[in-house]
Amino acid sequence: MTVDTKLPYDQSYIEQFSTERNEPAWMKDLRIQALEKADTLEMPKPDKTNISKWNFGQFKHTAAGETISSLTDLPTEIQDFFDKDNLPENLLIQRNQSVAYATVSKDLKDKGVIFTDIFTALKEHEELVKRYYMKDAVSIDEHRLTALHAALMNGGIFVYVPKNVQIEVPLQVVFWQEDPEASLFNHVLVVADENSSLTYVENYISNNETEETVANIVTEVIAQNNAQISFGAVDNFAAGTTSYVNRRGVAYRDATIDWALGQMNDGNTVFENITHLVGDNSTSNAKAVTVGRGKQNTNMTAKIVHFGKNSEGYILQHGVMKDSASNVFNGIGKIEHGASKSNAEQESRVLMLSEKARGDANPILLIDEDDVTAGHAASVGRVDPLQLYYLMSRGITQQEAERLVIHGFLAPVVNQLPIDSVKAQLTQMIERKVN
Amino acid sequence: MAGSTLEIKNLHVSIEDKEILKGVNLTIKGGEFHAVMGPNGTGKSTLASAIMGHPKYEVTEGSILLDGEDVLEMEVDERARAGLFLAMQYPSEISGVTTSDFLRSSINARRAEGDEIPLMKFIKEMDEALDYLEIDKNMAQRYLNEGFSGGEKKRNEILQLMLLKPEIAILDEIDSGLDIDALKVVSKGINKLRDENFGCLIITHYQRLLNYITPDVVHVMMQGRVVKSGGPELAQRLEAEGYDWIKEELGIEDETVEQNA
Ligand SMILES: Nc1ncnc2c1ncn2[C@@H]1O[C@H](COP(=O)(O)OP(=O)(O)OP(=O)(O)O)[C@@H](O)[C@H]1O
Ligand SMILES: [Mg+2]
């Protein structure tokens, strides 16, 4: 254990933190156990990226945020997440670690949909949270960061869609880390019960260019039999935040989990998106894009594990690297014994815009069953000069031609984001990062 | 004066240190249609690429002037905005960029900032051109050339030509891979542009295109030079008799023979 990652918070601190929030006893116990484990567990070892020097130890654990009365009180970069003429019906804004704004349509409430912050959920829906919190998806003791997460969890969301409820209108959450030194040990728990469906989109945003802090995010997404979840996200932590972002899905029989993830952080980031296709006929499309700039280092793992028969997993990751940024894509398709007739496909591509930029794409297929199909494509390259020539031969400037090629390269994921305003926002962020 | 003038003088072009063009002279004026024919590998596409500024082709000698301006000093996009257009033999595929977005960017590239083409006007112009070329409207929303058939790519090049309205266009084998109906449609598109302001250089292997688009002048390229020029009847004779008679007439030996000698 290095000095860097020595725990800045002890058991009595955790106990007090939990007591102040009136958490149920099991939650307090879980935190304390997790803290003990954090002491002995190793840091995660993302393939081909050395994170031993990254800041996972320096941060301020708590910071409250004021409520807002109207969305127009928000900074414009956050207002841009919404369509002003058509404000979201279901929106929650978390400012630092407090709920600043929350609205849920009457229709959803009437149907029994739960869409609330994690602390309220612990009070009002304790049994449901207890049933799913770090149980079926992410375990506390996977490594030091998951344990730290469980010990220090200080924000997040709980979403529950009851059986047979189909939600057409998206649920949207903005996690706004306003305090430049505040950490975010954020926990998102999304549960879609049998035959239900929902679309969920989240945005993370911070502005700490120089102040250093940590985001340690665990997201658990559970799709019960025949449930459909469309999960979109745009992460936009500033350069000072070191991020560990773990989004994990579990899909039961006939269920689908589709991911569209935009990783636009400016700081070093370990990003993992794993889906367990537990049930027969379950499906996941895991799509992610990233743009790296400056001296940023990112490691992105997309993994789909097939347990159910006839399960389908598609991974698509596209990244653009400029300056001396570096990104590793790990794509892992794993088919367990017994998951016959399953299909694991993956594609990872990195486009490098400068001499010093680095990209790596590691496709891995681990197959323990004969009767399956699988495929992978991976590439790391530069903008094709012939494409630029073709575009420029129509009068388009080199800069604009590069812009078109880059947006085109990222389009398969960007276009998949389920809310237009978020799609537009991501497009703008890409623009800002690549220019 | 009607239209622009493109003057190519003593053009020498190399690719990867191999000289392909060995002194090409050619002048195209607004209102004129020139055809360039010649056996495979004699440098026709090289000529077209050098005019447009393809990154792999190096001009080692000679000049290209557009209305007296030095084209070789211009970047590729500047050449286009100065009035040149090349319909490519093998257009690139650009994933993720729709044909429609690309066309709009191309049109706006030649307009001042703040004077972009209004969206409705653009859509109207594009739809008219699509109809004129009998192209399925869905193509506008497909990614540029991605998964297009050979014929669709060629039509798409002419679609761009019609919307961009250059002064001088070079069409490199715009007829290759076209079925007879597509050939007629594409020719119709090219002929629509024909007026005293528009000059065109048509590279082709086949008389059948020239049946629809009658050239004013026909040039024959061999071994990196224009070896013979004449009227439309020259193309007809080539179609009927091939190139051997020209080789004999001019005493040209086959490249391999020349190298072995
Ligand atoms: N990248 C390259 N490296 C080496 N030689 C090349 C390269 N590209 C083209 N060439 C050569 O240059 C010569 C001229 O090619 P070009 O494409 O201009 O011929 P063309 O007259 O257009 O032929 P075609 O009628 O087949 O289209 C050919 O011998 C070709 O092999
Ligand atoms: Mg050619």
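The values are calculated or read from the model by the stated rules, or taken from the named source; none is laboratory data. It should be emphasised that the depicted structure is a prediction, and the values quoted were computed from it without experimental measurement. So basically every Cβ, Gly included, is an ideal-geometry build from the backbone, and we count neighbours across all protein chains shown.
The table that follows gives values for the structure above.
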{"item": "Of all residues making up the stretch A:271-287, the number that are surrounded by 24 or more Cβ atoms within 10 Å (Cβ to Cβ), out of contact with any helix residue (DSSP H, G or I) (no Cβ under 6 Å at 6 or more places or on another chain) and within 30 Å of A:Asp323 (Cβ to Cβ)", "result": "3"}
{"item": "Any hit, the stretch A:114-128, residues being more than 23 Å from A:Ser18 (Cα to Cα), crowded, with 17+ Cβ neighbours inside 10 Å and at pLDDT 95 or above", "result": "no"}
{"item": "Hits in the stretch A:306-328 - residues which are more than 19 Å from A:Gln346 (Cβ to Cβ), outside any strand (DSSP E or B) and small (Gly, Ala, Ser)", "result": "A:Ser324, A:Ala325"}
{"item": "Test result for A:Glu211, free of Cβ contacts under 8 Å to residues at least 40 places away in the same chain and not polar (S, T, N, Q)", "result": "yes"}
{"item": "Every residue from the stretch A:218-274 that is among the polar types (S, T, N, Q) and in a strand (DSSP E or B)", "result": "A:Thr219, A:Gln228, A:Ser230, A:Asn236, A:Thr241, A:Thr242, A:Ser243, A:Asn246, A:Thr256, A:Gln263, A:Thr269, A:Asn273"}
{"item": "Residues satisfying the stated conditions in the stretch B:1-22, i.e. more than 23 Å from B:Asp77 (Cβ to Cβ), more than 16 Å from ligand 2 (Cβ to nearest atom) and either within 14 Å of another protein chain (Cβ to nearest Cβ) or touching a Ser or Thr at 6+ places or on another chain (Cβ under 9 Å) (or both)", "result": "B:Lys9, B:Asn10, B:His12, B:Ser14, B:Glu19"}
{"item": "Boolean, B:Asp216 is in contact with a Lys or Arg (Cβ under 8 Å, 6 or more places away or on another chain), of a type in the set (Asp, Glu) and in contact (Cβ under 8 Å) with a residue 24 or more places away in the chain", "result": "no"}
{"item": "Verdict on B:Glu128 being facing another protein chain (nearest Cβ under 10 Å) and either among the aromatic types (Phe, Trp, Tyr) or surrounded by fewer than 18 Cβ atoms within 10 Å (Cβ to Cβ) (or both)", "result": "no"}
{"item": "Subset tally (residues that are away from ligand 2 (no atom under 14 Å from the Cβ) and under 16 Å from the mean Cα position of the chain (by Cα)) for the stretch B:199-208", "result": "2"}
{"item": "Failed item, numbered, when A:Gln166 is tested on (1) without any contact (Cβ under 8 Å) to a residue 60 or more places away in the chain; (2) closer than 24 Å to A:Ala64 by Cβ", "result": "(2)"}
{"item": "A:Ile367 vs. criteria in contact with an Asp or Glu (Cβ under 6 Å, 6 or more places away or on another chain) and more than 14 Å from chain B (Cβ to nearest Cβ)", "result": "no"}
{"item": "Of all residues in the stretch A:389-421 being more than 8 Å from chain B (Cβ to nearest Cβ) and farther than 26 Å from A:Ile315 by Cβ, the one that is surrounded by the fewest Cβ atoms within 10 Å (Cβ to Cβ)", "result": "A:Gln399"}
{"item": "Residue ranges of strands (runs of 3 or more DSSP E) in the stretch B:164-261 with at least 2 members within 16 Å of ligand 1 (Cβ to nearest atom) and away from every other protein chain (no Cβ under 14 Å)", "result": "B:199-203, B:217-222, B:225-230"}
{"item": "Residues that are closer than 20 Å to A:Gly333 by Cα and either outside any strand (DSSP E or B) or among the aliphatic types (A, V, I, L, M) (or both), drawn from the stretch A:278-297", "result": "A:Val278, A:Gly279, A:Asp280, A:Asn281, A:Ser282, A:Ala286, A:Ala288, A:Val289"}
{"item": "Condition check for B:Tyr90: away from ligand 2 (no atom under 16 Å from the Cβ) and aromatic (Phe, Trp, Tyr)", "result": "no"}
